[in-house]
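The values are calculated or read from the model by the stated rules, or taken from the named source; none is laboratory data. Remember, it's a predicted structure, so these values are computed and weren't measured experimentally. Ideal geometry is used to build each Cβ from the backbone, glycine not excepted, and the neighbour counts take in all protein chains shown.
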């Protein structure tokens, strides 16, 4: 039995690795247990398989069993949660975190440093071309519609970046191919006394003792283990109102046609003053959302779907025809997650696009090689501006917390006897109504700008929004944070209600989903909960060239 550790971290993804290093710097002895190996193996990856609603990605997608976890796959997009995301909003049921954005702010700089995101600056003032607008005249509709940026990591694979640090530390021990399948508790004190660990794909294992146990294996796996423990802990009935429930993702769709007949918009990726790739986005202000009862959301200029050969782009057609060499998750993105398959006639149309504009393909290949494949800080992805002045809009929105959306244990178990997950996800009526209203409000605001018009198919708008899909890698809410077990699983310090030494450090603790990718806010939240070094705002708002 392994013992003598202050903390046992279950999972070695972004949170597990960064937290281990942070705790070790505080002089703590840390044991990290990771189910995977240095790279994915089919047998270990199969533990992620489960059931999911038809529209939701399969349970095993967007997740990786390996050192560094899904940071090996992610695109690096970093966006902090907005002020209103933490607030109790009358028009958002079950909203209101037990902390504020200001509570996380002092820990953002360390999170940015660990993930190579640069300065904590998300306004357009951080851009090298800071005086330009996404759309000329956009300032005339502020503050109703505001323009901010999203920043991008290298993207940083924490398994690769920090492997040597983990190996060199005298305070950290990482055990690979070590899967925690159960926790044992003292019924009287509600203290976790040990974790049951199985080795590799076998049913042989050992137990681990530690001062504190922290579940860092991602939102789905953290929920899965908690539900497994609940089966043998009658006292955990106190958590039943929230455990596994309120599961949410950001939902995404691309629709509409934004025609800009004046100056070309700032469509492409740009660089910040400190040399980080960034892209502009549009949002309604906090006050506008409250006044009109809108969920938080974001709009980005987009291009025609890769699969639709009518875009006329040789580059997009080339990418689409070569998509089979990409990971399944990236293929879903190319297909807009709708399982689009090119027919023979469509393939011919794609080939015709390539033949008509063949010189653009080697030019793109060089950019891909120099700015993506070989670059240290990589261009996040390929953006091909439409040939016309018409742009579809990419839309991301938060979801209303709903107890009907949940992660449960399936009847089927995996090869080690661990019940698989069953994911129930759907949009609520309020999700769809808010999305529809958001498009309508944006249309009304943009028409105030000369030469700008957003065209929507009003007859099909609601059906198109109903067809929105969850963003596959954001698994939120199913062990949500709150003040009481009546509607939450963990408190503001991420400790499971009623226990003395069990915490959850995964995006499943988010009380509401927000409209932002969760990674950077989650890491700041975890660093705060474990007393990482804090920084005042004047230390991180200064932009310094890299």
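Restricted to the range 456-499, and to residues there that are assigned to a strand (DSSP E or B) and at pLDDT below 95, the residue that is nearest to residue 436 (Cα to Cα) is 469.
Return yes or no: is residue 154 assigned to a helix (DSSP H, G or I) and either touching a strand residue (DSSP E or B) at 6+ places or on another chain (Cβ under 6 Å) or modelled with pLDDT of 95 or more (or both)? First the steps, then the outcome.
On the way: assigned to a helix (DSSP H, G or I): no; either touching a strand residue (DSSP E or B) at 6+ places or on another chain (Cβ under 6 Å) or modelled with pLDDT of 95 or more (or both): yes.
Judged against the criteria, residue 154 is not a match.
The sole residue among 213, 267 that is under 25 Å from residue 69 (Cβ atoms) and in contact (Cβ under 8 Å) with a residue 24 or more places away in the chain is 213. Read through the list (1) closer than 30 Å to residue 49 by Cβ; (2) surrounded by fewer than 19 Cβ atoms within 10 Å (Cβ to Cβ), then give the number of the only condition that residue 425 fails. For residue 425, the failing item is (2). Would you call residue 59 under 21 Å from residue 424 (Cα atoms), touching a strand residue (DSSP E or B) at 6+ places or on another chain (Cβ under 6 Å) and either surrounded by fewer than 23 Cβ atoms within 10 Å (Cβ to Cβ) or assigned by TED's automatic domain parsing to the domain that holds residue 168 (or both)? Taking the combined requirement at face value, the residue satisfies it. Mind checking whether some residue in the range 73-86 is at pLDDT 95 or above and part of a strand (DSSP E or B)? Taking every residue of the range 73-86 in turn, at least one turns out to be at pLDDT 95 or above and part of a strand (DSSP E or B).
Listed here are the residues, each with its yes/no results for (1) modelled with pLDDT under 95; (2) surrounded by fewer than 20 Cβ atoms within 10 Å (Cβ to Cβ); (3) over 23 Å from residue 507 (Cα atoms); (4) touching a strand residue (DSSP E or B) at 6+ places or on another chain (Cβ under 9 Å).
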position: 199; (1), (2), (3), (4): no, yes, yes, yes
position: 208; (1), (2), (3), (4): no, no, yes, yes
position: 239; (1), (2), (3), (4): no, no, no, yes
position: 258; (1), (2), (3), (4): no, no, yes, yes
position: 263; (1), (2), (3), (4): yes, yes, yes, no
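Say whether the condition of being in the same structural domain as residue 179 (by TED's automatic domain parsing) and more than 26 Å from residue 207 (Cβ to Cβ) is met by at least one residue in the range 27-39. Yes: the range 27-39 contains one or more residues that are in the same structural domain as residue 179 (by TED's automatic domain parsing) and more than 26 Å from residue 207 (Cβ to Cβ).
Within the range 73-87, identify whether any single residue is more than 19 Å from residue 148 (Cβ to Cβ), touching a residue at least 60 places away in the same chain (Cβ under 8 Å) and under 15 Å from the mean Cα position of the chain (by Cα), and answer yes or no. Yes: one or more hits.
Tell me, please, whether a residue that is crowded, with 24+ Cβ neighbours inside 10 Å, assigned by TED's automatic domain parsing to the domain that holds residue 61 and touching a residue at least 12 places away in the same chain (Cβ under 8 Å) can be found in the range 490-500. So that I can check it myself, show each step before the final result.
Residues of the range 490-500 crowded, with 24+ Cβ neighbours inside 10 Å: 490, 496.
Those left that are additionally assigned by TED's automatic domain parsing to the domain that holds residue 61: 490, 496.
Within this subset, residues satisfying the condition of being touching a residue at least 12 places away in the same chain (Cβ under 8 Å) are 490, 496.
There is at least one residue in the range 490-500 that is crowded, with 24+ Cβ neighbours inside 10 Å, assigned by TED's automatic domain parsing to the domain that holds residue 61 and touching a residue at least 12 places away in the same chain (Cβ under 8 Å).
In the condition set (1) at pLDDT 90 or above; (2) surrounded by 14 or more Cβ atoms within 10 Å (Cβ to Cβ); (3) out of contact with any strand residue (DSSP E or B) (no Cβ under 7 Å at 6 or more places or on another chain), residue 386 is compliant with all but (1). Is it the case that residue 270 is in contact with a strand residue (DSSP E or B) (Cβ under 9 Å, 6 or more places away or on another chain), at pLDDT 85 or above and over 29 Å from residue 428 (Cβ atoms)? Yes.
For the range 8-35, which residues satisfy the criterion of being more than 21 Å from residue 519 (Cα to Cα), surrounded by fewer than 24 Cβ atoms within 10 Å (Cβ to Cβ) and in contact (Cβ under 8 Å) with a residue 40 or more places away in the chain? Selection gives 24, 26, 27, 28, 29. Look at (1) crowded, with 21+ Cβ neighbours inside 10 Å; (2) under 25 Å from residue 87 (Cβ atoms); (3) out of contact with any helix residue (DSSP H, G or I) (no Cβ under 8 Å at 6 or more places or on another chain); (4) assigned by TED's automatic domain parsing to the domain that holds residue 7 and you find that residue 298 fails only one, number (4). Farther than 30 Å from residue 202 by Cβ and either without any contact (Cβ under 8 Å) to a residue 12 or more places away in the chain or assigned to a helix (DSSP H, G or I) (or both), is that true of residue 102? Against the criterion (farther than 30 Å from residue 202 by Cβ and either without any contact (Cβ under 8 Å) to a residue 12 or more places away in the chain or assigned to a helix (DSSP H, G or I) (or both)), residue 102 qualifies. Please determine whether any residue of the range 183-205 is within 21 Å of residue 16 (Cα to Cα) and assigned to a helix (DSSP H, G or I). No: the range 183-205 contains no residue that is within 21 Å of residue 16 (Cα to Cα) and assigned to a helix (DSSP H, G or I). Give the range 453-477 a look and list any residue that's touching a helix residue (DSSP H, G or I) at 6+ places or on another chain (Cβ under 9 Å) and farther than 25 Å from residue 79 by Cβ, or say none. 453, 455, 456, 457, 458, 461, 462, 466, listed by residue number.
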